[in-house]
Amino acid sequence: MSDVATSAFTRRPRAEAQEAPATLLPFRAEGVALTLGGARVLDGVDLTLAPGGCTVLMGPNGAGKSLLLKLMHGLTAPDAGTLSWNGLGAQAATARQALVFQRPVLLRRSVKANLDFVLKARGGDRGRVAELLEHVGLADRARTPARRLSGGEQQRLALARALATDPEVLLLDEPTASLDPGATQAIERIVARAAAAGTRVIFVTHDVGQARRLAEDVVFLHRGRVVDHAPAARFFDAPGDPAARAYLDGRLVV
Amino acid sequence: MGEALALAISLVASGDADLAEIVALSLRVSLSATLLAAAIGLPLGALVAVGRFPGRGAVLVAMNALMGLPPVVVGLVVYLHLSRAGPLGFLGLLYTPWAMILAQTILIAPIVAALARQVIEDLHAEYRDQFRSLCLSRGQVIGALLWDARLSLMTVGLAGFGRAVAEVGAVMIVGGNIDHLTRVMTTAIALETSRGDLPLALALGIVLLVIALGVNAAVQTLHTRAARSGAHV
Ligand SMILES: Nc1ncnc2c1ncn2[C@@H]1O[C@H](COP(=O)(O)OP(=O)(O)OP(=O)(O)O)[C@@H](O)[C@H]1O
Ligand SMILES: [Mg+2]
C-alpha cells in the first residue's frame, strides 16, 4: 500500500491499546493535500497542535481555513497525508469535537427545539436548554423559529449547540463574523472560559484584535499551506512569512 | 344545459342526501389511501434520499416509473388479486371500499415516495455536514429530515390526495360503483352522465372541482408559509 492510500481514515491507531485515547491532543497533520474541482486547495499541510489553550487560524480568503477545519473534524477525507488526534483518525474523533460552521445550518424549528434536538440525540441532559440559551444571550428568543433569527443570533445559537455536546475540541469558523461588538465580546468570553475549563479551542478569524486577545499560538495559512505557526507574541511582533506580514499590515494578500 | 346547472347548484345547496353520501365515501376512501400511501411513501422516500445501499438506483428508477401508473391498470391488477379466483380472494374485499382504498394506495404511494425523495434529498444536501458533525444515526437523520420538511411533505400528501380523489379507472374496476356501497364522485359522474342524469353529474362535478381548487389553495398556502418560516435562506 502506498503512503497516499494509508490515510488517517484507513490506518489503524498506532498503539492497539489506544483505541480511544484519553485525550485527543496532540493533533498532528502531515502532508495533508486536497484537490477540489481541479484546484489544489490544500497543498501539503503540516501542523502540530499541543494540548491546551486556544489556537487562532488566520489567512486570506480562500487560503483553505474552512476546509482544513472540516478535515480536522473528519467531515472530508484528504487526497493525501494523514490527520491524527493522538493516534485517532479524524473520522473517529468527530464525536468528541464540535464544529461551528462559517455558515451555520439551523433546523427549521424553534431556538429551544434546536438545542433540545442535539441534547436528545447525543444523550445529553435536556434540562440544560435554558442554561445554554442564557449562556449565549438568547434566553428571550427561546420560542422564535431559528431561521428567523438575525445572522448574529444564528451564530450564537450555533455556538450554544456546539457547547451542548460538551466537546473536547471546539472548532470555530469565524463565529463572530457578523456579530456586534457587545455580542463579539460575549462570545470571546464564552470561548475563553471554555478554553480555561480544558476545551481545546481552534478559532478561525480575520479580526487581528480578536486574534491578539484569544490566541496562545497562531497558525497562518496561505494558498493551502501552513506558512507560519508561532506563539501569538512572536507572530504579531515578527510574522515569519511575507504573506503574513502583508496580511497584518492590511494589504491585500493573494 | 342551463337548467341542469341550476338543478345541480340547488342539489349542492340543499345538501342532497345521495350527493352527500357519495362525497363522504369519496373523501373517506381517498383520505385513507393518502394516509396509507404517506405511511409507506414517506419513510421509503426518506430512506432512498439519505441511504447509499446496493440497489438504490433500481429503487429510484422503479419509484419514478411507478409514478405514472395508469389507474385502470392498477385497478385490473388489484381486481385479479382480489377476485374470487385470485390469491387474496378469500378476504372477500372485492367491491368494498377496502378494495378501492387498496387500489388508490398502490396508485399514489409511488407518487408520494418519489416526490418525498426529492424534497428530502434537497434538505439533506443542506443539512448533511451539520448532521455528520453531530454524529447522528441514520434513524435520527431521517426523523429530523421528515420533521423539518413537514410543510413541503404536506404538499406532497396533497398531491397524492388530489390524484386519488380525481381518479376513476381503478375505483370503477375494484369498487364496481355500487349504490350506497362503493359509489364515489368520479364513478357516479361517469354513470350519471351515461344515464343522462346531468344534474347529479354536474353537482358532483362542482364538488370535485371545489375540492381540487381547495387542494391547490392549501398547497399555495403551505408554500408561502414554508417560505416565511425560512425554508430558504
Ligand atoms: N466544494 C468545493 N469545490 C471546489 N472548490 C472549493 C470547494 N470548497 C472550497 N473550495 C475552494 O477552496 C479554497 C479554500 O476554501 P475555504 O473555504 O477553505 O477558504 P477560507 O480560507 O475558509 O476562506 P474565507 O476566509 O473566505 O472563509 C477556495 O478557493 C474555494 O474556492
Ligand atoms: Mg472560511
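The values are calculated or read from the model by the stated rules, or taken from the named source; none is laboratory data. Computed from a prediction, not measured in an experiment: that's the story for all the values here. Every residue, glycine as well, gets a Cβ built from its backbone with ideal geometry; the counts of neighbours run over all protein chains shown. The protein model used for the area step is the full one, side chains on, heavy atoms only, and it has no ligands, DNA or RNA in it. Shrake-Rupley method; radii C 1.70, N 1.55, O 1.52, S 1.80 Å.
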Alpha-carbon gyration tensor eigenvalues x 5, square-rooted, for the range A:96-138, Å: 16, 14, 12
Protection proxy ranking of A:106-113, A:181-188 - average other beta-carbon atoms within 10 Å, highest first: A:106-113, A:181-188
Whole-Hz couplings from phi, Karplus 6.51/-1.76/1.60, listed for the range B:65-77; x for Gly and Pro: 5, 5, 4, x, 4, x, x, 5, 5, 4, x, 4, 5
Chain A: C-alpha gyration tensor shape, a/c 1.5 cut-off, then a/b vs b/c: oblate
Average beta-carbon neighbours from other chains, 10 Å sphere, peptide B:125-134: 6
Rh (Kirkwood; distinct C-alpha pairs) - the range A:30-79, Å: 11.8 Å
Exposure rank, largest accessible area first [A:ASP46, B:ASP197, A:ASP173, A:ASP241; 1.4 Å]: A:ASP46, B:ASP197, A:ASP241, A:ASP173
Net charge of neighbours whose Cβ lies under 13 Å from the Cβ of A:ALA232, counting Lys and Arg as +1 and Asp and Glu as -1: -1
Area buried, chain A against chain B - accessible surface, total, 1.4 angstrom probe, square angstrom: 1900 Å²
Alpha carbon Rg of chain B, scaled by the compact-globule rule 2.2 N^0.38 Å: 1.17
With every protein chain in place, the range B:2-228: carbon and sulfur % of accessible area (1.4 Å): 70 percent
Mean Cα-pair separation over length for the range B:130-233, i.e. relative contact order, pairs under 8 Å, 6 or more apart, %: 29 percent
In the range B:35-100, trypsin sites (Lys or Arg not before Pro) in a DSSP loop with at most 10 other beta-carbon atoms within 10 Å: B:ARG52, B:ARG84
Local electrostatic count, B:ARG132, Cβ distance below 12 Å [Lys/Arg +1, Asp/Glu -1]: +2
Volume of the Cα convex hull of the protein assembly as shown, divided per residue and given in Å³: 216 Å³
Total formal charge among the other residues, if their Cβ is under 14 angstrom from that of B:ARG117, Lys/Arg +1 and Asp/Glu -1: 0
Among A:ALA164, A:ALA29, A:VAL129 the positive-end extreme of the charge dipole of chain A (Cβ point charges): A:VAL129
Segments B:131-139, A:217-225 sorted - mean Cβ within 10 Å per residue, highest first: A:217-225, B:131-139
Chain B, accessible area per residue, ligands and nucleic acids excluded (1.4 Å, Å²): 48 Å²
Dipole axis of the range B:1-120 (+1 Lys, Arg; -1 Asp, Glu on Cβ), positive-most option in B:LEU36, B:ILE108, B:GLN118: B:GLN118
Farthest toward positive dipole pole in the protein assembly as shown [+1 Lys/Arg, -1 Asp/Glu at C-beta], among B:ALA166, A:LEU179, B:THR155: A:LEU179
